Amino acid sequence: MPYESEPPGGAVWAAAWELLLPTAAAPPRQRGRLLQEALRDAVRSGRLATGTRLPSGRALAADLGVSRGLVTEAYEQLTAEGYLRSRRGAGTWVGGAVRGEVPVAAGPAPQESVPDVDFTPGTPDLSLFPRAAWSAAHRRAVSRLPHRALGYPDPRGLPELRGEIARLLSRRRGVVADPGRVVVCSGVAQAMTLLGFTLHGAGQRTVAVEEPGSPDHRALFAAAGLESVPLPLDGEGPDPAVLAASGARTAVLTPSHQFPTGTAVSAARRSALLRWARAVDGLIVEDDYDGDFRYDRAPVGALQGLDPDRVAYTGSVSKSLAPGLRLGWLVVPARLLDGVVARKRLLDLGNPVLDQALLADLVARGDYDRQLRRCQRAYRERRDALTAALAVHCPGAVVTGIAAGLHAIVTLPARCGPEAAFLGLARRAGLGLRPLADYEWAGRREPAAGRDGRVRLVLGYAHLTPSEIARGVALLGGLGTA
């Protein structure tokens, strides 16, 4: 027989014997489980090679000081799983079904330097997360949530949360949001993915994306099979003429606070973009990623409120609570709703019910509004700290874009160029910086991120304290005189 390559008590069995020894010293209730785990590990690791014949149940039980039935049960279980092979009256061998993991050579871990002051945009201040309010909402939600709500959820989301989101968006952002057209999703990224798959299924193959803009938008639509075409911006927003010439019928925009340039789409341009959508039977996807955070005036209402049938609206709690919660929403035009919901069901069967109940509770009680006000105060203070520090330590720097959001565009004085050399100095000084050029499309970048050769940076400030901002800007200003 091919499985008789090693008799009981041979060298191979002896090499695996030490793995079984802890079984004898374990409490009686744990011995069966530990014996099975030890035998599995011995087979997976190769200590018990394919074809190795195992001792009889009687012999192994005697050696380990356990009952024969415990060994017999372990042999039968591992035979059923494919680790062992046996034949009545002939013995038990290691089967040939197991293949261990291919070991990966572990090289030295890359040593990444952590910036002393990191101005990389996109991160909120996670210390502002309302832990006490979240814990209290958790207790209330667990006690109130009916048993039936713990089953597979409506893929659109918990009805209570969809209702609260609809009222919140209507009140704060001017969104026309019927709860039936609100889909709870795992942040804006999933909302884009759902729309991408739905549009692809409807026959679309291209989508226009702002340039410069978020690289994630292009990647998400590419994963859904849609090719992105660049949509250049001017001082008023995306150029409708370029959009019309692109042939795309879907455009992804950040109209209230464009990322990364920090501009807002003008009223005239909003009207022109909606005329384009109606003319081509198209869709505008509005990413309102930080629409609640405007510091010099009340936020401009969402574009979606002007034409709910032509604008899909998406947002999340990533900037107001924490990105790790993975909670967001998508307000879908009626004609796309069935397709989006079907995709959502296939992707994940819906978001966790308890987390949805927690957020619904926070919104209903007013805790979420209080959190938004708290964040707005903190982020406005930090933006003010950034502009004040630039005036002191980097005279000649120009901050552009509206007073909103979690980042600012800063154009440094001409003496700071060229850009590549300046960024190298910044890294060595312990500064984490992202130039505006990082958000431009490859192959379309102008030298030194601008015709005038000046360095343009996208400075994130929300996650930094005012003192950290002042220290970082002082370092930044010093580089310009180096």
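If the requirement is being closer than 29 Å to residue 294 by Cα, in contact (Cβ under 8 Å) with a residue 40 or more places away in the chain, open to solvent by 20 Å² or more (accessible area, probe 1.4 Å) and in contact with an Asp or Glu (Cβ under 6 Å, 6 or more places away or on another chain), which of these qualifies: 215, 230?
Numbers: 215 fails: in contact with an Asp or Glu (Cβ under 6 Å, 6 or more places away or on another chain).
Of 215, 230, the one residue that is closer than 29 Å to residue 294 by Cα, in contact (Cβ under 8 Å) with a residue 40 or more places away in the chain, open to solvent by 20 Å² or more (accessible area, probe 1.4 Å) and in contact with an Asp or Glu (Cβ under 6 Å, 6 or more places away or on another chain) is 230.
Hey, among the residues in segment 233-263 that are open to solvent by 10 Å² or more (accessible area, probe 1.4 Å) and assigned to a strand (DSSP E or B), which one's farthest from residue 439 (Cα to Cα)?
234
Taking residue 198 and the conditions (1) among the polar types (S, T, N, Q); (2) in contact with a Ser or Thr (Cβ under 7 Å, 6 or more places away or on another chain); (3) part of a helix (DSSP H, G or I), which numbered condition does it fall short on, given that it satisfies the others?
With (1) among the polar types (S, T, N, Q); (2) in contact with a Ser or Thr (Cβ under 7 Å, 6 or more places away or on another chain); (3) part of a helix (DSSP H, G or I) applied to residue 198, the lone miss is (2).
Name the residues in segment 217-245 that are within 24 Å of residue 401 (Cβ to Cβ) and among the β-branched types (Val, Ile, Thr), would you?
If the condition is that a residue be within 24 Å of residue 401 (Cβ to Cβ) and among the β-branched types (Val, Ile, Thr), then 242 is the only one that fits.
Out of the residues in segment 1-49 that are at pLDDT 65 or above and outside any helix (DSSP H, G or I), which is surrounded by the most Cβ atoms within 10 Å (Cβ to Cβ)? Please lay out each step first, then the result.
Step one: filter segment 1-49 for residues at pLDDT 65 or above, giving 18-49.
Now narrow it down to the ones that are outside any helix (DSSP H, G or I): 26-27, 46-49.
Working: 26: 14, 27: 7, 46: 14, 47: 18, 48: 26, 49: 15.
Among them, the one singled out is 48.
Going residue by residue through segment 410-418, is there one that turns out to be in a helix (DSSP H, G or I), of a type outside the set (A, V, I, L, M, F, W, C) and open to solvent by 40 Å² or more (accessible area, probe 1.4 Å)?
Start the filter on segment 410-418 by keeping residues that are in a helix (DSSP H, G or I), which leaves 414-416.
After this cut, where a residue has to be of a type outside the set (A, V, I, L, M, F, W, C) as well, the list is 415.
Subsequent filtering for residues that are open to solvent by 40 Å² or more (accessible area, probe 1.4 Å) retains 415.
There is at least one residue in segment 410-418 that is in a helix (DSSP H, G or I), of a type outside the set (A, V, I, L, M, F, W, C) and open to solvent by 40 Å² or more (accessible area, probe 1.4 Å).
Tell me which residues, restricted to segment 340-383, are open to solvent by 10 Å² or more (accessible area, probe 1.4 Å) and in contact with a Phe, Trp or Tyr (Cβ under 8 Å, 6 or more places away or on another chain).
343, 349, 350, 376, 380, 382, 383
Please specify each residue of segment 400-424 satisfying the condition of being of a type in the set (Ser, Thr, Tyr) and over 19 Å from residue 452 (Cβ atoms). Give the steps one after another, and end with the answer.
Step one: of segment 400-424, the residues of a type in the set (Ser, Thr, Tyr) are 400, 411.
Those that are of a type in the set (Ser, Thr, Tyr) and over 19 Å from residue 452 (Cβ atoms): none in segment 400-424.
The values are calculated or read from the model by the stated rules, or taken from the named source; none is laboratory data. All figures in this text were calculated on a predicted structure; none of them were measured in a lab. Neighbour counts are summed over all protein chains in view; Cβ atoms, including those assigned to glycine, are modelled from backbone coordinates with ideal geometry. What goes into the accessible areas is simple: the full protein's heavy atoms, side chains included, and nothing from ligands, DNA or RNA. Shrake-Rupley method; radii C 1.70, N 1.55, O 1.52, S 1.80 Å.
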